[in-house]
1. For segment A:1-124, what does the alpha-carbon gyration tensor say about shape, rounded, prolate or oblate, given a ≥ b ≥ c as the root eigenvalues, a/c under 1.5 as rounded, and a/b over b/c as prolate?
2. Which ³J(HN,Hα) values, rounded to whole Hz and listed in residue order, are derived for segment A:242-249 from phi using the Karplus coefficients 6.51, -1.76 and 1.60 in 6.51 cos²θ - 1.76 cosθ + 1.60 with θ = phi - 60°, glycine and proline given as x?
3. Under 5 Å between amide hydrogens, which residues at least 5 positions from B:Ala167 or on another chain qualify, with H placed 1.01 Å from N in the peptide plane?
4. How far apart, in nm, are the 7 Å Cα→Cβ label points at A:Arg131 and A:Val211?
5. Under 9 Å from the Cβ of B:Ala178, count the other residues' Cβ atoms, weight Lys and Arg +1, Asp and Glu -1, and hand me the total.
6. Which whole-number percent of Cα pairs in segment B:4-272 have a distance greater than 33 Å?
7. At most 14 other C-beta atoms within 10 Å and a DSSP loop state: those are the exposed trypsin sites (Lys or Arg not before Pro) I care about. Give me the longest piece of chain A that has none.
8. Output the Kirkwood hydrodynamic radius of the protein assembly as shown, Cα pairs only, in Å rounded to one decimal.
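The values are calculated or read from the model by the stated rules, or taken from the named source; none is laboratory data. What you are looking at is a predicted structure, and each value in this text was computed from that prediction instead of being measured. Cβ atoms come from the backbone with ideal geometry, glycine included; neighbour counts cover every protein chain shown. Just the protein is used for accessible areas: all its heavy atoms, side chains included, with ligands, DNA and RNA removed. Shrake-Rupley method; radii C 1.70, N 1.55, O 1.52, S 1.80 Å.
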Amino acid sequence: MLTRLFVQCPQCQTTHFISFFKSADYVCSRCGHHSRLDPPRWIKQLCNRGTFRSLFANLKSLDPLGFPQYREKLDVAERTASGWEAVVTGTAEIGDMPVALAVMDPGFIMASMGSVVGEKIARLLEYAADRGLPVVMVICSGGARMQEGILSLMQMAKTAAAVRRLHGKRQPLITVLTDPTTGGVTASFAMLGDVSIAETGALIGFAGPRVIQQTIGQKLPPGFQTAEFLLEKGMLDIVVPRKNLRATLVTILKIHRTRPYPVRRRGDE
Amino acid sequence: MKPAIDVVRLARHPKRPTSRDFIEYLVRDFVELHGDRRFADDPAIIGGIGFFDSIPVTILGHQKGRNVKENIRRHFGMAHPEGYRKALRLMKQAERFGRPVITLIDTPGAYPGIGAEERGQAEAIATNLYEMSGLRVPIVALVTGEGGSGGALGIGVADRVYMLANAIYSVISPEGCASILWKDAGKAPAAAEALRLRAVDLKELGVIDGIVAEPGEGAHEHPGETMSHVRKAIAAALQELLVLDAETLVQRRYDKFRRLGAFTLDDGFSELI
Ligand SMILES: [Zn+2]
């Protein structure tokens, strides 16, 4: 998609100057399509300059099942993506507020969740619980990493349980669902946000559109599984265009910063 | 050891005992309870209360049909969000009254459909994982047939997880895996091997606590004997779990799922951001 000077919108095929496209936050000025961003770009987009500190970056995938072609896939992804796995975790400041941050990387095997993604998400949630930090997650995922079989499925339970840990320490999880958020990631931490934000136009769902179409044998309604559709059905709090995302996060974090009334601790933390 | 695809066929065998058969055998005075109090009663999940030995329990599971007509009504054991929400309602009720929970897993997966997505299939499963990880009563899960992906795990976060010897538990069906990876659903036998979805595989991977034997050709040939093995396994698990206090129980359940996964630490990582 990227050439040196121009970039083409995958939705309407309009060609944009890269410099203009960058200053428009990688959103098509013609059709409003939000291009997928890698973690470094997201961090620039949302965090105060120079505040991101990486955590758990040394976790690397194994091939626990000896699954055909998985090692090769990992090698390619490790060489070409921005980190060693499909999620980058760390701490940063948004506005002037410290947060624990996770950003998923669509360039790494479509941000599918294997053991490392699950482990980094769980570690980040535990880290934030221990230090009393709110958590912001910029999420996208093609679903579970099937090359890790049942171990990838178990990451759903692991991450959902870790969100509970965070809540035990009365810290919020703010999720930003971006295109696409599907499968096992949606059905675990992505749908457990205290405040759920989605980017304009993002595809969000559990089952893939093709699987649904095959099962029911009829065409899907227009706009099915878009962020706007989920908002209408009551599954999200806010849908925002990318240019308003940082400001929205700052406001939500500010509101969570002070507690006018003492919170009772639950026994189940 | 049987080829994985043969086990897949046994796990899906039309004569295999369903959750209702297990409940009839295991639980005395069973009272079926219905509905999620939000939208509907999902026939793909049945649940209720009764006595296991002399212990009051809540028991629930995916329900496949015993024939084609019933299978269509029950969506082949594929639950909608209201099924997961009914399950959660029954589990919270069990927690309120200090009853242990038994779950029976047998589903191709969560139902993929328009209504299911509209009503929050992902949210329903996510919430069950979240709530089950903190439930303050013992939970014992048994995969009786097909443990299909998130739809199975949605009632599978338990203190003890067992599988019948010819059950399967997988992140994706072998057919789905083969068609994504090799664009050929006919390569399901190879995918079934690669996914390591048999009970013996899961035991080796440390994901389940034990395998319940199926005599001879399998549970459909010898349901009574199979069920008596199931009864013994559940009784032993409950005996161990009922003596633990809730904090210990919840902490151990957290640790049990927390340690699952395979990764390495590589400090040669060069910071790229
Ligand atoms: Zn465009």
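1. oblate
2. 3, 5, 9, 5, 4, 4, 4, 4
3. B:Ala199
4. Using points 7 Å along Cα→Cβ, the separation is 3.6 nm.
5. 0
6. Above the 33 Å cut-off, segment B:4-272 has 17 percent of its Cα pairs.
7. Between the exposed loop sites, the longest stretch runs A:50-218.
8. 23.8 Å
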